[in-house]
1. Could you grab the Rg to Rh ratio for region 261-319? Cα atoms only, Kirkwood for Rh.
2. With 10 angstrom as the radius, rank ASP198, ASP149 by how many other C-beta atoms surround their C-beta, starting from the fewest.
3. With unit charges on the beta carbon (Lys/Arg positive, Asp/Glu negative), name the residue among SER291, GLY210, ASN329 whose Cα is farthest towards the positive pole of the charge dipole of region 200-338.
4. When DSSP assigns beta bridges and you keep just the ones with both residues in region 62-281, what percent turn out antiparallel, to the nearest 5?
5. Quick one: divide the alpha-carbon radius of gyration of region 141-281 by 2.2 N^0.38 Å and tell me what you get.
6. Could you work out the local net charge near ARG357, counting Lys and Arg as +1, Asp and Glu as -1, over the other residues with Cβ closer than 10 Å to its Cβ?
7. Quick one: MET301, MET174, MET1, fewest Cβ neighbours within 10 Å first, how do they rank?
8. Using DSSP, restrict attention to beta bridges with both residues in the chain and report what percent are antiparallel, rounded to the nearest 5.
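Just so you know, all these numbers are worked out from the coordinates, no wet-lab data involved. The structure presented is a predicted model; accordingly, all values stated were derived computationally and were not measured. Glycine also receives a Cβ, built like all others from the backbone with ideal geometry; neighbour counts cover every protein chain displayed.
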Amino acid sequence: MKQFPKSLQQKLQQREEQNALRQLPIPNNLIDFASNDYIGFAKNETIFHETHQLLLDKNIKVNGATGSRLLSGNHDLYKETEDYIAQYHYAESALIFNSGYDANIGFFSAVPQRKDIILYDELCHASIRDGIQMSNAKSYKFAHNDFEDLERLLQRCQTEPVEVYIATESVFSMDGDSPNIEELTKLSEKYNAYLVVDEAHALGVFGEQGEGLVQSLGLQDKVFARIVTFGKGLGCHGAAVLGSQNLKSYLINFARSFVYTTGLSPHSVATILQSYKQLKKEKEALEKLKSNIIFFNQEKMRLGLKPIFVYSKSAIQCAIIPGNEKVKNIASQIQQKDFDVRPILSPTIPEGQERLRFCLHSYNSEKEISEVLHLLSTFVF
C-alpha cells in the first residue's frame, strides 16, 4: 500500500495534540442525553410496522431507487410524500433531498446568483456555510442573532441592484437558542430580502403538531424557503426544501446535490411519510418533551448552573466549559455514571467555547434530568 501523505499525517497529529481527534464512538446503553431523537421516533415500532405495511399494500418490493430522480429513481412514493409534507407545512411545494447537508449545499450553491448577496448568521451550520462557499454570490456574516448588525449590512446592500438572501436557523445546533423570527421577517420585508430558515432542530419540537418554529408563529408565508430535516425529530433520514412551485422547479434543474445523486429508496421515503402521519397524532410525546425542557431549565436554576448554560428554550441545552481536555474529562466522568452526554470540542466550535451538549427527549424522566444535572454541578463547582 502506498505511504500515507505526510501533510495529511501532520494534520491528524495536530488534531491529536490538540485533544481534538475525532473518532467513531462505540454504541452504548447509557441514558440518552446525546442523540437528536427528540420524540423517540427513531425507535418507534408503530412507524416501523406501518412503513412495512405501506410497502406491502402498494406491492413495492424494491430495495433501491435505481437512479437519479431525473432518470429512473422518481418512484410513486415521492409525489405522495412531497404533497403530504407541503400540506403539513402550509407550503406551496416540498422537494425531498437525501439529507439536510445535501439540501443546504444544493440550495445555497444554486439559488443565490453571481453578484447576489448572502447575509448569514455567524453560527449557521457547516452545511449552510459549505453551500455558500460553493455559490457565486458574495457573502457576509452578521453577529449571532444581532439584528442591528444585520440591518447595518442590509443598508449597505441597498446601494446595489442585487438580490439579498438572509440565512439563519430556527434552533442553532451548537447553542440551542433561537432568533426572533418575527423581527427577522420584518427586516427582510423592509429591505426586500429573501429569508431562508433552516428548521432542522425545530421539526418535532415546536408547534402543536411539531411543525417547526416558523409555522408555529404563523410566519411561513413571510419566509422564502424553509429547510426541514428528518434525521432528528422525525427519527429517519432525508430533508426537504419548502417553498414555491417555482423554487421547486429551479432546484430540480440547478441544485447539483439533487440532480447528480441516486434518489432515496422507497423504504426511506415511506418511512418519512409514516413519520409525518405519526407526528400529526403524537400529542403525548410532544407535550412530554416540552415539559422536560421546562423542567431542565428549572433544575439548572435550582442547582445554580444557569450562569454556565447558553439561554435556550429548545431541546438542545449547552453548558460552556472552556478547554478540550477539561470538557472531555467532565463528559467522561458523567458517562461513567451511565449518562450519555457528549462534549463539543474546538475546532467544531471556537476555542474557549467548548461545551457539554445535553439533548433532551420525550422519553427522559425528570429523575434522570435531576441526576445528570446534579452530577454536572459536582464536577464543575
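1. Details: Rg = 17.5 Å, Rh = 14.2 Å.
Over the Cα atoms of region 261-319, Rg/Rh equals 1.23.
2. Working: ASP198 28, ASP149 17.
Fewest to most other Cβ atoms nearby, the residues stand as ASP149, ASP198.
3. ASN329
4. Values: 10 of 27 bridges.
Percentage antiparallel, nearest 5: 35.
5. Numbers: Rg = 16.4 Å, N = 141, 2.2 N^0.38 = 14.4 Å.
Normalised Rg, Cα atoms only: 1.13.
6. Details: positive: ARG342, ARG355; negative: ASP175.
Around ARG357, the surrounding residues sum to +1.
7. Working: MET301 11, MET174 17, MET1 3.
With the sparsest Cβ surroundings first, the list reads MET1, MET301, MET174.
8. Values: 19 of 38 bridges.
Roughly 50 percent of the beta bridges in the chain run antiparallel, per DSSP.
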